[in-house]
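Before any comments, here is the structure.
The values are calculated or read from the model by the stated rules, or taken from the named source; none is laboratory data. This structure is a prediction, so every number in the text was calculated from the model and none was measured. Quick reminder, even Gly has a Cβ in these numbers, built from the backbone with ideal geometry, and neighbours come from all protein chains shown. Ligands, DNA and RNA are stripped out before the accessible areas are found, and what is left, the full protein with its side chains, is counted by its heavy atoms. Shrake-Rupley method; radii C 1.70, N 1.55, O 1.52, S 1.80 Å.
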Amino acid sequence: MRFFRLRTSLAGTKHQGSYIAKRRWRLPGAVCPTCAGEYASLGVDAPTVDLSAHPGEKEYRKARQVPWAEYVRLRDGVLPYLPEGTVVKPGMGLGPLVGRASGSLPPLVLQDPWTLLVHGDVLEQMTAAGLTGLNPSESRIAGNKRGPLYELGLAHQGALGAGCQRVYHGEPCVTCGQAEYNTPKPWWLDESTVPTLDVARFSVMPMVILVSERFAEFVARLAESGVTVEDVMGPPAPKPARKGAPPEPLVM
């Protein structure tokens, strides 16, 4: 089955609404004492988490950078509240989005590339279509004319294909595990490890949402869906040579 990258597409549609929202809690960013790196991740959130009963709940309300040891203490303090298998990173948001919507929102709301929201009636259609990987949770975004918005809590799946692997510079830091790297562009998926779900978060780049051919077909059936898909299976075809252009030199 082919997979695609999900992208926002609102040009020329009647849906020009938006929302302003944030999560009540989050882990702080971290400053590593060994490599001096500062880390805060996007696209790694846990919308189903509720820290209301956490004895140190107030410590998780303010976004900030803290020393690595303090980050580890706060990270370990929320582990019992996280669903099994949750990917934990510095700066990750915890709990549902809280805020307000205005205007007309499309069926699939991808205002931030890493946060996929759907209306309740669209979620029912997705479920009826048998799409997998949805894991919905109700947001706390008021003002939406079509009722509650549901955020899809996506599993992390997928790997980079041969020929576009990351190039790392040096060994990972012994404290935080980070290392400098470059990711080739364009990149594509490893066909032997494509996601097993119809919608998933790309393990290598959590800000990227991947969808299956079945999901893409569902999108195509929605009027002014609010999203478009981009093929990420296999290296792109070479561009045709321009007329009159000299032939590419051979590399021995």
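Would you check if residue 175 is touching a residue at least 60 places away in the same chain (Cβ under 8 Å), over 22 Å from residue 50 (Cα atoms) and part of a loop (DSSP other than H, G, I, E, B)?
yes
Yes/no matrix, rows are residues, columns are (1) over 14 Å from the mean Cα position of the chain (by Cα); (2) under 27 Å from residue 71 (Cβ atoms):
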{"position": "154", "(1), (2)": "no, yes"}
{"position": "186", "(1), (2)": "yes, no"}
{"position": "194", "(1), (2)": "yes, no"}
{"position": "206", "(1), (2)": "no, yes"}
{"position": "211", "(1), (2)": "no, no"}
{"position": "227", "(1), (2)": "yes, no"}
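Could you identify the single residue in 245, 237 that is open to solvent by less than 40 Å² (accessible area, probe 1.4 Å), modelled with pLDDT under 90 and assigned to a loop (DSSP other than H, G, I, E, B)?
Being open to solvent by less than 40 Å² (accessible area, probe 1.4 Å), modelled with pLDDT under 90 and assigned to a loop (DSSP other than H, G, I, E, B) holds for just one of 245, 237, which is 245.
Please determine, by comparing only the residues of the stretch 60-77 that are in a loop (DSSP other than H, G, I, E, B) and of a type in the set (Lys, Arg), which one is most open to solvent (accessible area, probe 1.4 Å).
Looking at the filtered set, the residue picked out is 62.
Give the residue, chosen from 33, 80, that is part of a loop (DSSP other than H, G, I, E, B) and more than 30 Å from residue 213 (Cβ to Cβ). Outline the logic, then answer.
Numbers: 80 fails: part of a loop (DSSP other than H, G, I, E, B).
Sole residue among the options that is part of a loop (DSSP other than H, G, I, E, B) and more than 30 Å from residue 213 (Cβ to Cβ): 33.
Take residue 82 and decide whether it is surrounded by fewer than 18 Cβ atoms within 10 Å (Cβ to Cβ) and in contact (Cβ under 8 Å) with a residue 12 or more places away in the chain.
Here the answer is yes, as residue 82 does meet what is asked.
What number of residues within the stretch 8-25 are part of a strand (DSSP E or B), open to solvent by 90 Å² or more (accessible area, probe 1.4 Å) and charged (D, E, K, R)?
Qualifying residue count for the region: 2.
Identify, by number, the condition in (1) under 25 Å from residue 136 (Cα atoms); (2) touching a Leu at 6+ places or on another chain (Cβ under 7 Å) that residue 59 doesn't meet.
With (1) under 25 Å from residue 136 (Cα atoms); (2) touching a Leu at 6+ places or on another chain (Cβ under 7 Å) applied to residue 59, the lone miss is (1).
Report, by residue number, each residue of the stretch 127-181 that is basic (Lys, Arg), loosely packed, with under 15 Cβ neighbours inside 10 Å and under 24 Å from residue 40 (Cβ atoms). Can you show your working first?
At the first step, the residues of the stretch 127-181 found to be basic (Lys, Arg) are 140, 145-146, 166.
This time we only want the ones that are loosely packed, with under 15 Cβ neighbours inside 10 Å, so: 145-146, 166.
166, the sole residue that qualifies.
Hey, can you tell me all the residues within the stretch 182-219 that are surrounded by fewer than 23 Cβ atoms within 10 Å (Cβ to Cβ), in contact (Cβ under 8 Å) with a residue 40 or more places away in the chain and assigned to a helix (DSSP H, G or I)?
191, 213, 214, 216, 218, 219 - these are the residues of the stretch 182-219 that are surrounded by fewer than 23 Cβ atoms within 10 Å (Cβ to Cβ), in contact (Cβ under 8 Å) with a residue 40 or more places away in the chain and assigned to a helix (DSSP H, G or I).
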